[in-house]
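The values are calculated or read from the model by the stated rules, or taken from the named source; none is laboratory data. Bear in mind that the values here come from a model prediction, so they are computed numbers and not experimental data. With ideal geometry, Cβ positions are generated from the backbone for all residues, glycine too; neighbour counts draw on all protein chains shown.
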Protein chains: 2
Amino acid sequence: MKLNLKSVILILSLFLIASCANQIKKSDPLPSWNEGTAKSEIINFVNTVTKKDDPMFVEKEQRIATFDNDGTLWVEYPMYTQFIFAFDRIKKLAPKHLEWKTNQPFKAVLEGDMKTVGASGMKGVMEIIMATHSGMTADEFEKTVSNWLATNKQSKFKRLYTECVYQPQLELLAYLRSNGFKTFIVSGGGIQFMRPMTEKVYGIPPEQVVGSSVVTEFQIKDGKTALIRMPKIDFINDKAGKPVGIYEHIGRRPILAFGNSDADMQMIQYTKAGDGLRLGLFVHHTDADREYAYDRKSHVGKLDKVLDIAADNGWIIVDMKKDWKMIFPKKSK
Amino acid sequence: MKLNLKSVILILSLFLIASCANQIKKSDPLPSWNEGTAKSEIINFVNTVTKKDDPMFVEKEQRIATFDNDGTLWVEYPMYTQFIFAFDRIKKLAPKHLEWKTNQPFKAVLEGDMKTVGASGMKGVMEIIMATHSGMTADEFEKTVSNWLATNKQSKFKRLYTECVYQPQLELLAYLRSNGFKTFIVSGGGIQFMRPMTEKVYGIPPEQVVGSSVVTEFQIKDGKTALIRMPKIDFINDKAGKPVGIYEHIGRRPILAFGNSDADMQMIQYTKAGDGLRLGLFVHHTDADREYAYDRKSHVGKLDKVLDIAADNGWIIVDMKKDWKMIFPKKSK
């Protein structure tokens, strides 16, 4: 290869341009976040815990970040996606369950009478969940969920549910990971309902998903192995269950936790009670135009007590309308 | 900096030497394994699943390897380390439990009467486990375990239990990880009994440890958060519980699993039943001189049925005496 002065200058210039472009990109790791307290608190936190000579430095393996899913990473309004899935399954399975035509809460689901479904309370909801989430193998359930997510769209946005995820949060997850954090989902949702999509959508592998579960049994039939999902709740990973789920699955206390409702409060309290610097955040759904606006009186994702005590506890309330430049990723197709 | 021809040659030679040394090191990733079927099966397996253009290639994120702990990664004979810990705790706590002087199985533990302890069966063992593994916070339990492991030695080898780990397995774990595998422990032992040491000893972080557990509750007292370990079994991660534990914690089927007893059989069956290339291995304790020799009739780590059906199922039996060049790591001090 022959190099003259001209080509050397040309090559150096190209390097400089590439390096500058990189610098500009680096200078805003959260482009969909508007400038403000939330964004600057996050960036300050990450800068501090990753700075080797800072007294608040945190070793890489201790950089655990936990995120709620419904309402924190993807849309939960007007109904949790998993419930919509369960109602759809009831309709699909109804021909094999003629008794549902007369038995509540199934009758109400089949008639689209959400008021009666709601009135059936936790007991009714559990019956619906059991009828649709158990009595099959793990593989069958995974396929059913994957197919459903690939074909059903959210009512307001006419997008797949997996496209109703928050762009600013995707950026935050990537930003944390690029700074050595290990990112986890810690959700009240079904652990096996989330796993088919978390890796592709959030970059979070199944082994970093914590959620609610049903009792499962291992069986061998005709030399074939199967995990059978039983009609019995194993663990509810919600409210005070979240720190327990973290203890069981992760075995370390997070240094950053992000939720959006009173049901995430205990996770944030557990996170913030650790030594050193900790960050606790909540999404506040304030954007009726671009997404939804709901909080203290909502039937899903109720955010009430948290709003009263956040300031005293140093919890950061992320105002969707004010803090987020965009809500969803641009459509890929 | 001034460079003449001599120094350039010198620098190049140093590079060459370093590169050769590296090559020699690379050529045997398992130096404590003797040449033989087990070693070559492992290396062939790893070479195949990591070779991009091989029909049996496995994507990095699917390279999950699970290891039993007792008898597979560290010594379990003549008694599981966790039981020795529990007996020691009974002795330590006895002054606060005068009733143990007369109540079985505690009386037998205090008198060192292991025959009576054994005769108390699963019920007796559970009482001992509950008395020593619950009724404290998660933090207190972790400290107790860490202190115990740092100060108590294995009876035959006069080493800390964490030094009675198998050097060939440490090499295998490192070899798998250097080939993109994620390594997990899947043990019948207590999940929180193992976690204080797995990262330092095996390079396996707490979030990659699956084990048995007690019910835990989250409480807030005087503004302080605590996870309280309750006297109730949550999950037994043994035998048919192992595939269930893998499903709950990992959410993917391993492609390699390593055990040492009939209680690991279901984990190996579950692993091998997946598509594509899979490897299932068992340590056979055949070395009475360097470690212990036990199998079909042993009260711990019973290896019986597996020995009968291993060949038909393509499971690899690793003969400790024949396959392992050394048993334990050289003492660091």
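Before moving on, here are some points about what is shown:
- Some residue of the stretch A:84-93 being closer than 18 Å to A:ARG195 by Cα and either surrounded by fewer than 17 Cβ atoms within 10 Å (Cβ to Cβ) or of a type in the set (D, E, K, R) (or both): yes
- When we screen B:ALA293, B:ALA311 for residues that are farther than 21 Å from B:LEU160 by Cα and modelled with pLDDT of 95 or more, the only hit is B:ALA311.
- Options A:GLY189, A:GLY180; residue that is closer than 17 Å to A:THR144 by Cβ and of a type in the set (Gly, Ala, Ser): A:GLY189
- The residues on offer are A:TYR247, A:TYR270, and the sole one that is more than 30 Å from A:GLU140 (Cβ to Cβ) and touching a Pro at 6+ places or on another chain (Cβ under 7 Å) is A:TYR270.
- For B:ASP287: the one exception among (1) surrounded by fewer than 24 Cβ atoms within 10 Å (Cβ to Cβ); (2) within 14 Å of chain A (Cβ to nearest Cβ); (3) in contact with a strand residue (DSSP E or B) (Cβ under 7 Å, 6 or more places away or on another chain): (2)
- The stretch B:270-292: number of residues that are within 21 Å of B:LYS39 (Cα to Cα) and over 18 Å from the mean Cα position of the chain (by Cα): 7
- Test for A:LEU227: is it hydrophobic (A, V, I, L, M, F, W, C) and part of a helix (DSSP H, G or I): no
- Considering (1) in contact with a Pro (Cβ under 9 Å, 6 or more places away or on another chain); (2) assigned to a helix (DSSP H, G or I), the lone condition that A:LYS200 does not fulfil carries the number (1).
- Members of the stretch B:268-281 found to be crowded, with 18+ Cβ neighbours inside 10 Å and either more than 21 Å from A:GLN219 (Cα to Cα) or touching a residue at least 60 places away in the same chain (Cβ under 8 Å) (or both), listed by number: B:THR271, B:LEU279, B:LEU281
- Count of the stretch B:230-251 residues which are at the interface with chain A (Cβ under 10 Å from one of its Cβ atoms), farther than 17 Å from B:THR72 by Cα and not in a helix (DSSP H, G or I): 5
- Taking the criterion of being more than 9 Å from every other protein chain (Cβ to nearest Cβ) and either basic (Lys, Arg) or over 17 Å from A:ILE64 (Cβ atoms) (or both), the residues of the stretch B:187-209 that qualify are B:SER187, B:GLY188, B:GLY189, B:GLY190, B:PHE193, B:MET194, B:MET197, B:LYS200, B:VAL201, B:TYR202, B:GLY203.
- Evaluated against (1) touching a Pro at 6+ places or on another chain (Cβ under 9 Å); (2) more than 8 Å from chain A (Cβ to nearest Cβ); (3) of a type outside the set (A, V, I, L, M); (4) not in a helix (DSSP H, G or I), B:PHE218 falls short on exactly one condition, (2).
- One residue stands out among those in the stretch A:65-83 that are under 15 Å from A:VAL186 (Cα atoms) and of a type in the set (Ser, Thr, Tyr): the one that is surrounded by the most Cβ atoms within 10 Å (Cβ to Cβ), which is A:THR66.
- Residue match in the stretch B:252-259 (condition: within 9 Å of chain A (Cβ to nearest Cβ), more than 19 Å from B:LEU173 (Cα to Cα) and of a type outside the set (Asp, Glu)): no
Let's see how each residue does on (1) surrounded by fewer than 10 Cβ atoms within 10 Å (Cβ to Cβ); (2) among the small types (Gly, Ala, Ser); (3) at pLDDT 65 or above; (4) touching a His at 6+ places or on another chain (Cβ under 8 Å):
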{"site": "B:MET1", "(1), (2), (3), (4)": "yes, no, no, no"}
{"site": "B:ALA21", "(1), (2), (3), (4)": "no, yes, no, no"}
{"site": "B:LEU30", "(1), (2), (3), (4)": "no, no, yes, no"}
{"site": "B:LYS52", "(1), (2), (3), (4)": "yes, no, yes, no"}
{"site": "B:PRO55", "(1), (2), (3), (4)": "yes, no, yes, no"}
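- The stretch B:284-316, subset touching a residue at least 40 places away in the same chain (Cβ under 8 Å) and of a type in the set (A, V, I, L, M, F, W, C), residue farthest from B:ILE42 (Cα to Cα): B:VAL300
- Inside the stretch A:178-197, residues that are over 19 Å from A:MET230 (Cα atoms) and not in a helix (DSSP H, G or I) make up a count of 9.
- Count of residues meeting criterion [within 22 Å of the chain's Cα centre (by Cα), among the hydrophobic types (A, V, I, L, M, F, W, C) and over 13 Å from B:ILE228 (Cα atoms)] in the stretch B:130-145: 1
- Whichever residue in the stretch A:115-127 is touching a residue at least 12 places away in the same chain (Cβ under 8 Å) and under 28 Å from the mean Cα position of the chain (by Cα) and, among such residues, is farthest from A:HIS299 (Cα to Cα): A:GLU127
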